[in-house]
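One structure is given below, encoded as structure tokens.
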Amino acid sequence: MLNFDFYNPTQISFGQGSIAKLDRLVPADAKVMLLFGGQSAQRTGTLDEVKAALGGRKVLLFGGVEANPTYEKLMEAVQIAREEKIDFLLAVGGGSVIDGTKFVAAAVPYTDEPWNILLSGGRDIKQALPIGTVLTLAATGSEMNNGSVITRRSLQAKLPFHSDFVFPQFSILDPTKSFTLPERQVANGVVDAFVHVIEQYLTYPVNAPVQDRFAEGLLQTLVEQGPLALSQPDDYEVRANLMWVATLALNGLIGAGVPQDWSTHLIGHELTALYGLDHAQTLAVILPSMMQERRLAKREKLLQYAERVWNLRDGDAEQRIDAAIEQTRAFFESLGVKTRLKDYDLAQAEVETALKQLEEHGMQQLGEHKDIDLAVSRRVLEASL
């Protein structure tokens, strides 16, 4: 196991009715900006429940944060927050709203051009407004980590940043708030969480059995609970397990002391920025091809994954690896998430454009070995057609 430091200050309040704890968690004298996405938070009553829990605090609403939060929209929130002297941000929604709120939190006190937050990866963030979250969609794990991904529509660029200053102070996880989600969002959330685990697990052995077993347990739970979340949408226990596994998939614990990949995510970001695919759709497309392309570099962990996650023990090593990759693709497809670029009407011309974007954004040394260059990315994208 590699040397590491692990830090995560986010308090989790989990369970039905936990929104009522906002009165204790948010400072009594806070001037709150409440950020949310579309109309679902209003339609389902979640927004009213949150406002009621905040009591007499001054609350300013900011809605319309997109599924892939854009710099353009979020800068509107930044301007309002500065003008109104907001001192606490509360995200109500899924990972996109939370990601957007993290950017606003960092951008409000930022003295330079806020796009530089993304260009620097968050390294030059010196302070941020405090954040809390009310999670309504299990997927990204943003409710318990320090990362965010923002799209600048005008540049067709989607870039991540990380900073300990944007860890949520608390996150409220009430599984009942996910009951009314469309199937597509639920399925996307399962895929997103699954690939989050894979990016931290499917690399090379470093004698970290705790992280390995933890990661494998999360993957097995997603394989088990994911389909149930679609077939039993009102089952509290299923949604609770799914919400918790998605949080644990990316709160830093399984990635502590082990190498990490993230090439599937970074290539996928370009497809989302260029063509508007859902984030999880890009992951479902890229991951099986990436596993096939990197089967030699990932051989030992692929065999471990095949045996421990999919219970594949028959056949020779190459057959077991093939079967594990096909099981992964079949799992995504069983959730209704397609795994080929052609399924989204993308072809060779779109591959060429995506490669140009990867080059422009400096994405030429990806993966746990930093050896995924444009030639490798080309092979992965073309294998994904």
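The values are calculated or read from the model by the stated rules, or taken from the named source; none is laboratory data. Quantities reported herein were computed from a predicted structural model and do not represent experimental measurements. As a convention, Cβ positions derive from the backbone with ideal geometry for all residues, glycine included, and neighbour counts pool all protein chains shown.
From the list Glu72, Glu66, the lone residue that is closer than 29 Å to Val186 by Cα and surrounded by fewer than 16 Cβ atoms within 10 Å (Cβ to Cβ) is Glu72. Is it the case that Ala28 is among the small types (Gly, Ala, Ser), exposed (fewer than 15 other Cβ atoms within 10 Å of the Cβ) and out of contact with any Cys (no Cβ under 9 Å at 6 or more places or on another chain)? When the stated conditions are applied, Ala28 passes them. Here Leu35, Leu2 are screened, and the one residue that is closer than 30 Å to Asp212 by Cβ and among the hydrophobic types (A, V, I, L, M, F, W, C) is Leu2. If you check Ser96, Ser18, Ser13, Ser40 for being under 30 Å from Pro209 (Cα atoms), crowded, with 16+ Cβ neighbours inside 10 Å and out of contact with any Ser or Thr (no Cβ under 6 Å at 6 or more places or on another chain), only one passes: Ser13.
Considering only the range 73-99, state which residues are in a loop (DSSP other than H, G, I, E, B) and within 15 Å of Leu129 (Cβ to Cβ).
Within the range 73-99, Lys85, Ile86, Asp87 meet the criteria.
Against the numbered list (1) crowded, with 16+ Cβ neighbours inside 10 Å; (2) in contact with a Gly (Cβ under 7 Å, 6 or more places away or on another chain), Asp23 comes up short only at (1). Of all the residues in the range 304-318, those that are crowded, with 16+ Cβ neighbours inside 10 Å and part of a loop (DSSP other than H, G, I, E, B) number 3. Residue pairs whose Cβ atoms lie under 7 Å apart, separated by 6 or more positions or on different chains, with the first residue in the range 176-187 and in contact (Cβ under 8 Å) with a residue 24 or more places away in the chain and the second among the small types (Gly, Ala, Ser) and part of a loop (DSSP other than H, G, I, E, B), are Ser178/Ala138; Glu183/Gly336; Ala187/Gly336. Only helices (runs of 4 or more DSSP H) whose full extent lies in the range 1-70 are considered here, and the ones with at least 1 residues that are farther than 13 Å from Thr136 by Cβ and without any contact (Cβ under 8 Å) to a residue 24 or more places away in the chain are 22-25, 46-54. The set of residues in the range 257-276 being surrounded by fewer than 21 Cβ atoms within 10 Å (Cβ to Cβ) and either over 23 Å from Asp373 (Cα atoms) or without any contact (Cβ under 8 Å) to a residue 60 or more places away in the chain (or both) consists of Gly257, Gly276. Total residues in the range 341-385 satisfying the condition of being within 25 Å of Leu230 (Cβ to Cβ), in contact (Cβ under 8 Å) with a residue 12 or more places away in the chain and assigned to a loop (DSSP other than H, G, I, E, B): the figure is 1. Looking at (1) in a helix (DSSP H, G or I); (2) buried (at least 18 other Cβ atoms within 10 Å of the Cβ); (3) touching a Leu at 6+ places or on another chain (Cβ under 9 Å), which one does Leu283 not meet, given that it meets all the others? (3) is the only condition that Leu283 fails. The condition of being assigned to a helix (DSSP H, G or I) and modelled with pLDDT of 95 or more holds for only one of Lys301, Lys338, that being Lys301. Kindly evaluate Ser171 against the criterion of being in contact (Cβ under 8 Å) with a residue 60 or more places away in the chain, touching a Ser or Thr at 6+ places or on another chain (Cβ under 8 Å) and more than 16 Å from Ala249 (Cα to Cα). Judged against the criteria, Ser171 is not a match.
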